[in-house]
Structures are given as structure tokens and as C-alpha cells.
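Student: Sharing a structure below in C-alpha cells format, with a few things to ask.
The values are calculated or read from the model by the stated rules, or taken from the named source; none is laboratory data. Because the structure is a prediction, the values reported are computed rather than measured. Quick reminder, even Gly has a Cβ in these numbers, built from the backbone with ideal geometry, and neighbours come from all protein chains shown.
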Protein chains: 2
Amino acid sequence: MSKRRISIQDIARRAGVSHSTVSRALRDNSVISPKVREEIKQLAREMNYVPNAIAQSLLSSRTNTIGVVVTSIADPFFAEVVEGIEQVARSAGLSVVLSASHRDVEEEIAAINNFNRRRVDGILVADSRTGKQHMKQLAQIAMPTVLINSQSKEQSQMFHSVEIDDRLGGKLAVEHLVSLGHKRIGYLGVGDHSKSNQQRLEGYRMALSEANLSPMSVVVAISDEDNIRASDVATGQQMLPKLVTAGVTGIFCYNDMVAVGALLACQELGISVPQDLSLVGFDGIALSGYVTPPLTTICQPMLEIGCSAMQMLLDLLQEKTVENRVLSPFLVQRGSSAALLPKVPKQYLI
Amino acid sequence: MSKRRISIQDIARRAGVSHSTVSRALRDNSVISPKVREEIKQLAREMNYVPNAIAQSLLSSRTNTIGVVVTSIADPFFAEVVEGIEQVARSAGLSVVLSASHRDVEEEIAAINNFNRRRVDGILVADSRTGKQHMKQLAQIAMPTVLINSQSKEQSQMFHSVEIDDRLGGKLAVEHLVSLGHKRIGYLGVGDHSKSNQQRLEGYRMALSEANLSPMSVVVAISDEDNIRASDVATGQQMLPKLVTAGVTGIFCYNDMVAVGALLACQELGISVPQDLSLVGFDGIALSGYVTPPLTTICQPMLEIGCSAMQMLLDLLQEKTVENRVLSPFLVQRGSSAALLPKVPKQYLI
């Protein structure tokens, strides 16, 4: 009998599963159940499969390029995340190429497929919008993939991921306003489709409930459309008057761009921030420190998110076992929030 | 005699030039002199060369992907230029992938080479820093390439380009300040290596000279390092006091981020903008409208720059003749500039 090298196909035949299941199991892809992964690894060991063959074949066909899908390069949030990705990639000798999805599922899948065809070594997808209906398409991606702040719950089971704790962030924002004496606190969100918007809203509700404040539905303004972030400023500008009319003294905004829009609306309406109204943003993009007053905001560790995701991808490329990460946001207090004054002057309640 | 199809090699042999010279001449690459281009095209016609063979072969090997090199995706200027690129690319059915050079010549060349190897259909390079010494490396790029706001004079002869008229922009900024009655006008630049910085400074000098105002060398503050744009805010913050000490009443800043830094410094020093000091930025990024007061600025038609460059690349892919474009910036007057008050209060002259 010739001493032929054991192939993945051999293992697949013996295990009675597909080639790709074996390939994924050996690469510790979480789409395969831990039990099956362990069984296949055990079988591979028994059959004297040389596990490094995968690494070798990967290595030889490597392009030393990582594909990153972001929603838009005009989004300052992703700009800072990509800085983190590039830092880690560069030190590993990898190039980074980017592609934009514009928060459109079709464009996102097209970008992923394009990277797949061009044989990048791995893919990072930020703010993914693909849902259940695209599972099959995505399952065909043979290369290591890590999601950043995925907006799709179904995907978390399928791919590795680095995420921010949006619920905690919403909670921290509202707890901060409560600690300043605010009782009528609004949430200014952007469409209700994204996971981040829903979870920040949940955090807002949790904190209000813990402070024995009832969330008043009227003060939860969520804009109708699932706008792209470029127009978040417009959303903030348009929705601010509704919340002011409802008599809020503090507003937690979905993100910093929305808060900037709210701030611009306040300037137009003659509402002083923070004397008449406290504003809290989310993200901690550089811009949040440049407006007047600078924004109190819930910072995402953007650089760390990028670094972690890229490190996770490097680990996957080296066939290491990785664990999904959930990072914590933190409060940065600046000029846009202050202790509640005894009474909001009537004339500002438009 | 067999009726073999005439190849580029045949033309090259007859013309006594290299294969690549013929290939470039037929694609109307400006690296080949117009005279030689015409001679080779004439020869190709005489030899019954089928010009479309190039197009055909290009077509069949097309990846429908365009590579774009930007300095950093954290730069809001390029974010808007890329929007324009993507608009035109999308309507032509092309994907856009981005790579960052971080204003580093080596990284820029690595990014270009990576795109070249991965066989994108064409390349757009923004803010190119490569000089004479890299001519040979760049000449080996076989695919259509368009430069956007190139910082290298040598390259303009070698590649097609879309550029902003920086000199005109500097002139418009200073003419605006002069029209408001300002006589002591400073320029706050960022390092003196880039062509854009030099030409904006030239425009500044031209306008002063035309207004019979002598440019005072002391009021031209140029930061030492050729900083990356991420730290332009810091440059503005650090240099502002020097200009104020010199007694300027109006400042033209290299770009909006520098102007934002200057504005932050004014807030710290208790200098009112525009009452005590007028500021004019450059670029017209969205942020310039969000600060208080919003910035008067020299707008670059960012979307148009992106659209033009991408359209030029499409024309090159279709072997059309293209002409380099120089676009004009324009003044947008907002709150950060105002008519000179009779006298600047002494206490602000720190």
C-alpha cells in the first residue's frame, strides 16, 4: 500500500461529513459544533493527518492581504477602528484593503464575495447587516472571518466576533444623567433596525427603571428611516425639538454625530447646553471634542476594537483557538452635561 | 506566409522600441512623448494591428475592481472624495477597494504594487508623495492610473491627474480677509514639503502683494514636521499663539483641521472669533460647519474631484483620450471671519 498522504477528503469520507465540514472543524470554525469539531480532530489524529498541511497550503497561497468591509469610509468611527486594524496588520506584515457596504446588505455581500474571489487571507466585516437569509451565501466563504459590532444576531453563532457592549453603554449614559439630578431623560435614536440602536435603547430603559424613573414613550424619539450615518447629524437636528417639547432636561443620543445635530438645533433654538439641556453622545470620535461645548460621551475603545479584531484574525490564520470578545464602553464627561438647574425656563419649551 | 495576427511585439521590433513603449503609446500613456505616440499609432495602422486586441485582452482579464490609495481613511477630506469615486464606479458596475499610504512613500508604493499584483483594472492615487527616485518603480505599473491632488511635480508628466488649484485657493482666502479690512494676515501651514502647502502659501503671498500688503515673514507659521493630517488639529493649536503674538487679525489656515485647532486655542486663550480674530480654513469638510463659530473656508469640490478622477479612469479603460483636469476651489463665508474692528484689544496680544 502506497504511503499516500492523508487528505481532508479521506477524513471526510471516514467521518461521513463534507469536505468543508472537516476543513472548518480543523480550523476551529465556530459554525461547526464543538462536539463535531472535537470528533473530527480526534479522527484526524487517529488517521495521522498532518494538520500543518492546511497551514502550509494556506501559507503558500497567501496574498498577505486582509480585506475589511466598513459601512462607509466617511464614518469617523470606522476610521479609528481601521487605524487599530492597520497597526496590528502592519506589524504582522499584512496589507489592508477596504471596501464600503453603505449599510446595504447586497453591497456587503458583494464586497465579501469580491474579497473572497481575490483570495485575501482573511476578512473583517464591520457593522454587518446580513441576516438569516444570507447564511448560505456566507457559509461558502472559506477564509477566516471576524465580525466587528455585528448588527445581526444570527451571525454571531457563525463567525468570530468583537463587539461593544451597547446595553452597558446606554446604561452608563443614563446613569450619568440621573446622577446629575435629571429625571426627564430622552433617547434620540436612529431607526430601530440595528442591533446597536435596540441595545442602547434597552440600556437606557434599564437605567431608568433602576432609578425608579418611568421611561416615557414620548421622549424616546427614534427616526423612521434606517439612515446611513452620514445623515445622523440631520436626524439629531430634526428630532431635537420633539424631545424638548416633551420637556426633557437630558438626552442620550445614539451616537456623537446625532448629538452634534442636536447641539446645532439647540444653537438655532437658543437653548443653552448644558445650562438648559444636557446632551450625551456615544462613540467618542475626535469630533466630539471639537464642538462647543465638547460632548460628554460614551467612548468605544475604537483602536482596541480594531486591534482585537485583527489579532483574532491573525490567531485564526495560525489555527489558534479564539474566543469572541465583548468590550466595555466608558463614560467621558465633558462640557455638554451638567447638574440639573431647579427649573427649565418656560420659553425654551417650544 | 501565414496570416498571423500582428502583435505588439511585432510593432516594437519594427519601431525599434520596447514592448512596453508600444503598449503605452497605444494606450495614450502620457509617459510617452506625443510625437512617439503618434508615430507608433501610425505604424500600428500600417501593419494592420487590431487595436481592440488590447481592449479585448483587458476586458477578458478584468476584475471589475478599482484600487484607490488614500493617505488615511481617518482623513475626512478623502472620505468625501471617495464618495465621488464610489458613485461613478458603482454606476459602471465596478467595485472599489481602498488602501492607506499614511503619507509614507514606501507604504504608498507597497499599496500600488499590491493592487498591481492583485490585477485591479485601474488605480487612483490620492495625495501621492512619490518623487523622481521612484519613477522606475512606478513606470512598471501596466494599468491605467490617475493621480488625485498629487504632491509630486515629476509625476504629473507621467500619469493622468485631477488636481485642485491650491494657489487660487490661497489667493481667494487672503482676498476675502483683505476685503474685510484685514491688513495683518498670517498663514498657518503644516510643514513645507507638500506641493499643496507650498502653493497655498504662494497664493497667500500673491494676494498680499496684489493688495500692496507686505507678507511679514514672522506671520507665516509653518510647523516643522510634515505631520500626518490626524495631528493637524494639534498643529493649529500649537502655532496659533505665535501668530497672535505677531499681531495678526486674520489667519488663513492650511486646512479645516488646522483651523479647528486654531479655534480651540482661541477658546483657551479667551480670544473671540471672529470679533478679535478672523479664521479661514481650506477643504470644506463637513466638520467645518459643526464647530462654533462655523468656519469660513475655501471649499474643494470633493465629490467632483472623486467623480472626475473615476470618470478619467473609466475613459482610460475604454482607451479614450483624456486631458488632465485642474478644478477651482471656492469661498464659503461663514461665522469665523468678519470685518476688522478698529482695534484689537491689547490684552489679547499675549
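Student: Are any of the residues in the stretch A:260-278 within 25 Å of the chain's Cα centre (by Cα), outside any helix (DSSP H, G or I) and either closer than 21 Å to residue B:288 by Cα or not acidic (Asp, Glu) (or both)?
Tutor: no
Student: Show the residue pairs meeting these rules: Cβ distance below 8 Å; 6+ apart or different chains; first residue within the stretch B:264-292 and in contact (Cβ under 8 Å) with a residue 24 or more places away in the chain and away from chain A (no Cβ under 12 Å); second residue of a type in the set (Phe, Trp, Tyr) and surrounded by 20 or more Cβ atoms within 10 Å (Cβ to Cβ).
Tutor: Within 8 Å, the pairs are B:280/B:252; B:282/B:252; B:282/B:254; B:283/B:77.
Student: Just wondering, is there one or more residues in the stretch B:140-160 that are of a type in the set (S, T, N, Q), at positive phi and surrounded by 19 or more Cβ atoms within 10 Å (Cβ to Cβ)?
Tutor: Of all residues in the stretch B:140-160, those of a type in the set (S, T, N, Q) come to B:140, B:145, B:149-152, B:155-157.
Narrowing further to those that are at positive phi: B:149.
Next, from what is left, pick out any that are surrounded by 19 or more Cβ atoms within 10 Å (Cβ to Cβ): B:149.
Within the stretch B:140-160, one or more residues are of a type in the set (S, T, N, Q), at positive phi and surrounded by 19 or more Cβ atoms within 10 Å (Cβ to Cβ).
Student: Also, quick follow-up: Report, by residue number, each residue of the stretch A:97-111 that is of a type in the set (A, V, I, L, M) and surrounded by fewer than 24 Cβ atoms within 10 Å (Cβ to Cβ). Steps first, please.
Tutor: Step one: list which residues in the stretch A:97-111 are of a type in the set (A, V, I, L, M), which gives A:97-98, A:100, A:105, A:109-111.
Across the stretch A:97-111, the qualifying residues are A:105, A:109, A:110.
Student: Quick check on the stretch A:288-305. Is at least one of its residues crowded, with 18+ Cβ neighbours inside 10 Å, out of contact with any His (no Cβ under 8 Å at 6 or more places or on another chain), over 20 Å from residue A:179 (Cα atoms) and aromatic (Phe, Trp, Tyr)?
Tutor: Yes, because at least one residue in the stretch A:288-305 is crowded, with 18+ Cβ neighbours inside 10 Å, out of contact with any His (no Cβ under 8 Å at 6 or more places or on another chain), over 20 Å from residue A:179 (Cα atoms) and aromatic (Phe, Trp, Tyr).
Student: Can I ask one more? Criterion first (without any contact (Cβ under 8 Å) to a residue 24 or more places away in the chain, among the small types (Gly, Ala, Ser), within 14 Å of another protein chain (Cβ to nearest Cβ) and in a helix (DSSP H, G or I)) does residue B:231 satisfy it?
Tutor: Values: without any contact (Cβ under 8 Å) to a residue 24 or more places away in the chain: yes; among the small types (Gly, Ala, Ser): yes; within 14 Å of another protein chain (Cβ to nearest Cβ): yes; in a helix (DSSP H, G or I): yes.
In short, yes.
Student: What about residue A:296, is it polar (S, T, N, Q) and touching a residue at least 60 places away in the same chain (Cβ under 8 Å)?
Tutor: Values: polar (S, T, N, Q): yes; touching a residue at least 60 places away in the same chain (Cβ under 8 Å): yes.
Yes, satisfied.
Student: Okay, moving on. Given the conditions (1) within 12 Å of chain A (Cβ to nearest Cβ); (2) farther than 16 Å from residue B:233 by Cα; (3) out of contact with any helix residue (DSSP H, G or I) (no Cβ under 6 Å at 6 or more places or on another chain), report the number of the one that residue B:323 does not fulfil.
Tutor: (1)
Student: For a quick check of your reading: which strands (runs of 3 or more DSSP E) sit entirely within the stretch A:79-189 and have at least 2 residues that are touching a helix residue (DSSP H, G or I) at 6+ places or on another chain (Cβ under 8 Å) and within 14 Å of chain B (Cβ to nearest Cβ)?
Tutor: Values: elements: A:95-100, A:122-126, A:145-148, A:160-164.
Hits in the stretch A:79-189: A:95-100, A:122-126.
Student: Out of B:53, B:44, B:25, I need the residue that is of a type in the set (Gly, Ala, Ser) and modelled with pLDDT under 80. Which one?
Tutor: Values: B:44 fails: modelled with pLDDT under 80; B:25 fails: modelled with pLDDT under 80.
Of the residues listed, the single one that is of a type in the set (Gly, Ala, Ser) and modelled with pLDDT under 80 is B:53.
Student: Something else about it: Within the stretch B:308-341, how many residues are farther than 28 Å from residue B:289 by Cβ and assigned to a helix (DSSP H, G or I)? Step through it out loud before you land on a result.
Tutor: Taking the stretch B:308-341 as the starting set, the residues that turn out to be farther than 28 Å from residue B:289 by Cβ are B:312-324.
Next cut, assigned to a helix (DSSP H, G or I) only: B:312-317.
The qualifying residues number 6.
Condition check ((1) closer than 25 Å to residue B:89 by Cα; (2) modelled with pLDDT of 90 or more; (3) in the same structural domain as residue A:26 (by TED's automatic domain parsing)) across all residues:
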{"residue": "A:84", "(1), (2), (3)": "no, yes, no"}
{"residue": "A:107", "(1), (2), (3)": "yes, no, no"}
{"residue": "A:118", "(1), (2), (3)": "yes, no, no"}
{"residue": "A:126", "(1), (2), (3)": "yes, yes, no"}
{"residue": "A:145", "(1), (2), (3)": "no, yes, no"}
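Student: Same structure again: Which members of the stretch A:57-78 meet the condition of being touching a residue at least 60 places away in the same chain (Cβ under 8 Å) and either away from chain B (no Cβ under 11 Å) or not in a helix (DSSP H, G or I) (or both)?
Tutor: Initially, the stretch A:57-78 is screened for residues touching a residue at least 60 places away in the same chain (Cβ under 8 Å), giving A:58, A:66, A:71-72, A:74-77.
Listed by number, the residues that qualify are A:58, A:66, A:71, A:72, A:74, A:75.
Student: Continuing with this model, one more query. With the checklist (1) aliphatic (A, V, I, L, M); (2) part of a helix (DSSP H, G or I); (3) in contact with a strand residue (DSSP E or B) (Cβ under 6 Å, 6 or more places away or on another chain) in hand, flag the one item residue A:206 doesn't pass.
Tutor: Condition not satisfied by residue A:206: (3).
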